[in-house]
Amino acid sequence: MKSDAPLDFDAETMRQMGYRVVDLLVDYWQHLPVRPLGQRADRIALEKLLNEPTPQQPQHFETVLDEFLQKVLPNIIKVDHPRYFAFVPAPNDYVGVLADFISAGMNVFVGTWMVGAGATQVEQVVIRWLCNWFGLPESAGGLFVSGGSVANLVCLAAARQQYPDALTHGRVYYSDQTHSCVARAWRVLGLREEQLCVLPADDNFQIPLDALAEQIRRDRDTGWLPFCVVANAGTTNTGAVDPLNALAELCEAEGLWLHADGAYGAAAILTEEGKQRLQGIHRLHSLAIDPHKWLYQPMMAGCAIVREFEHLRTAFRILPPYLQDKERGAVGVDLCDYGVELSRNFRALKVWMSLKTHGVEAFRQSMEWNLHLARVAEQAIRQLPHWKIVSPATMGIVAFRYEPSDRSAEQADALNRALVDAMLEDGFALVSSTVLRGRVALRMCTLNPRATEADVFETVRRLNQFAQRL
Ligand SMILES: Cc1ncc(COP(=O)(O)O)c(C=O)c1O
């Protein structure tokens, strides 16, 4: 029943609506493993199904919810499905989901200390936990942003700001395995294409150190100002981590800012494999890390972390008159001064509540399981004739390729691409493809803690079965 205020419901109706949604979600999660992954929908069909003019007449919430369930949900590929091994899976934690509900429900504003002090402090606490995981000093700090793309952008803005001549003749360095959001960030920050030096990765998909050092030297000789290296702390393609210690040596010697994109991989610092691979991470000037990836949080949770928190303020702070009230009285950190957003929701709440509810050990164990599953996948693939491991299990990603002896490399490329389509058609599981060393490869990213060994075996079995038929 609607109350007098046209947008409001009475308390009982609100409760019923909320309970219905919780029941729906719990049911959804319980049945997810036996449901298909969802389909790649046809655009014309979806336009027909969903396009309509702005609704004029009210409908029951239940009716609208049913419409979502009938028309929208089947046309979404479930990135939280335990057999979604494509791209970067996004399994989310129930506590995080509830925290997002609270954050939206109270519409907590975390832009200024004046309005959002408690939430700001929680955000700072979570960032400090992360900084401690990485061994970053007390001066380090950061903030939550929407995800890895913005986290990299925010960190790189701080880097650019520290080098006054960066825009005119600065040059930055990273490998060809680096996520495209880094190139986009530099574009947004005003660097020209020729200022981006992209080095072909070595056989281990890492940035080649000697070539990098040589390039920096040559660039100085020809009038460039080398000012930043972007390292990978877990590439999307293969999970490769660049040699952070060696890069830190080089950047210290050359006076360069060392940033790492750890959007995907940095959280693996909690695991044994991650600790080994991420050695030197404590020496970075800045780091992007996404709790919405490997800390299992609902989407829209990336973090930009810098070694000197003040560098973000230098890069971003502007004080307009309509915000002057925040400068008086009890002042603390105004997070709007440290990034690109003024209106900021309470993204840190999900990580805070999730880590407190489960304890960090539960996360560590889940991540170790993810790493184990990638090794299981690698072993299973190695058993099969005509399949080749292109990159062994690294940080939860294994890359491989079907390469029958009677097909050319180009034909094998087409075959491997077709295998993704066959998986999509089948709906049981999904892997994605990429290009490694110039050839198409498949990759499985085993990041879902609810995935089982049986899920991995059956996915590999089906891939092989489809390969025989193509
Ligand atoms: C290594 C890496 N960096 C950056 C990103 C971009 O992150 P987002 O999609 O959260 O913007 C991704 C996304 O998968 C990634 O894997």
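Out of all the residues in region 350-403, which are surrounded by fewer than 21 Cβ atoms within 10 Å (Cβ to Cβ), of a type in the set (S, T, N, Q) and in contact (Cβ under 8 Å) with a residue 24 or more places away in the chain? If the condition is that a residue be surrounded by fewer than 21 Cβ atoms within 10 Å (Cβ to Cβ), of a type in the set (S, T, N, Q) and in contact (Cβ under 8 Å) with a residue 24 or more places away in the chain, then Thr357 is the only one that fits.
From the list Arg20, Arg83, which residue is out of contact with any Cys (no Cβ under 8 Å at 6 or more places or on another chain) and open to solvent by 50 Å² or more (accessible area, probe 1.4 Å)? Break it down stepwise before answering.
Values: Arg83 fails: open to solvent by 50 Å² or more (accessible area, probe 1.4 Å).
It is Arg20.
Can you spot a residue in region 138-151 that is under 23 Å from Tyr174 (Cβ atoms), open to solvent by 50 Å² or more (accessible area, probe 1.4 Å) and at pLDDT 95 or above? There is at least one residue in region 138-151 that is under 23 Å from Tyr174 (Cβ atoms), open to solvent by 50 Å² or more (accessible area, probe 1.4 Å) and at pLDDT 95 or above.
Residues in region 362-383: is at least one outside any helix (DSSP H, G or I) and among the aromatic types (Phe, Trp, Tyr)?
No, there is no match, as no residue in region 362-383 is outside any helix (DSSP H, G or I) and among the aromatic types (Phe, Trp, Tyr).
For Glu194, indicate whether it is of a type outside the set (Lys, Arg), more than 16 Å from the ligand (Cβ to nearest atom), assigned to a helix (DSSP H, G or I) and surrounded by fewer than 17 Cβ atoms within 10 Å (Cβ to Cβ).
So Glu194 fits the description; yes.
Taking the listed residues Leu46, Leu37, Leu32, the one that is touching a residue at least 24 places away in the same chain (Cβ under 8 Å), farther than 26 Å from Phe346 by Cα, part of a loop (DSSP other than H, G, I, E, B) and not small (Gly, Ala, Ser) is Leu37, with no other qualifying.
Of everything in region 259-290, what is away from the ligand (no atom under 16 Å from the Cβ) and either out of contact with any Asp or Glu (no Cβ under 6 Å at 6 or more places or on another chain) or open to solvent by 10 Å² or more (accessible area, probe 1.4 Å) (or both)? Give them in sequence order. Write out each step before concluding.
Within region 259-290, the subset away from the ligand (no atom under 16 Å from the Cβ) is 270-273, 275-276, 279-280, 282-283, 285.
If the condition is that a residue be away from the ligand (no atom under 16 Å from the Cβ) and either out of contact with any Asp or Glu (no Cβ under 6 Å at 6 or more places or on another chain) or open to solvent by 10 Å² or more (accessible area, probe 1.4 Å) (or both), then Leu270, Glu272, Glu273, Lys275, Gln276, Gln279, Gly280, His282, Arg283, His285 are the ones that fit.
Condition test on Asn107, is it open to solvent by 50 Å² or more (accessible area, probe 1.4 Å) and either within 16 Å of the ligand (Cβ to nearest atom) or more than 30 Å from Arg35 (Cα to Cα) (or both)? Spelling it out, Asn107 is indeed open to solvent by 50 Å² or more (accessible area, probe 1.4 Å) and either within 16 Å of the ligand (Cβ to nearest atom) or more than 30 Å from Arg35 (Cα to Cα) (or both).
Checking each residue in region 298-311 for being closer than 20 Å to Cys445 by Cβ and either acidic (Asp, Glu) or away from the ligand (no atom under 11 Å from the Cβ) (or both) picks out only Pro298. Being part of a helix (DSSP H, G or I) and either closer than 30 Å to Val431 by Cα or open to solvent by 70 Å² or more (accessible area, probe 1.4 Å) (or both) is not true of Val88.
The values are calculated or read from the model by the stated rules, or taken from the named source; none is laboratory data. All values reported here derive from a predicted model rather than from experimental measurement. Note that each Cβ is placed from the backbone with ideal geometry, even for glycine, and that neighbours are counted across all protein chains shown. For the accessible areas, the whole protein counts, side chains as well, though only heavy atoms, and no ligand, DNA or RNA atoms are used. Shrake-Rupley method; radii C 1.70, N 1.55, O 1.52, S 1.80 Å.
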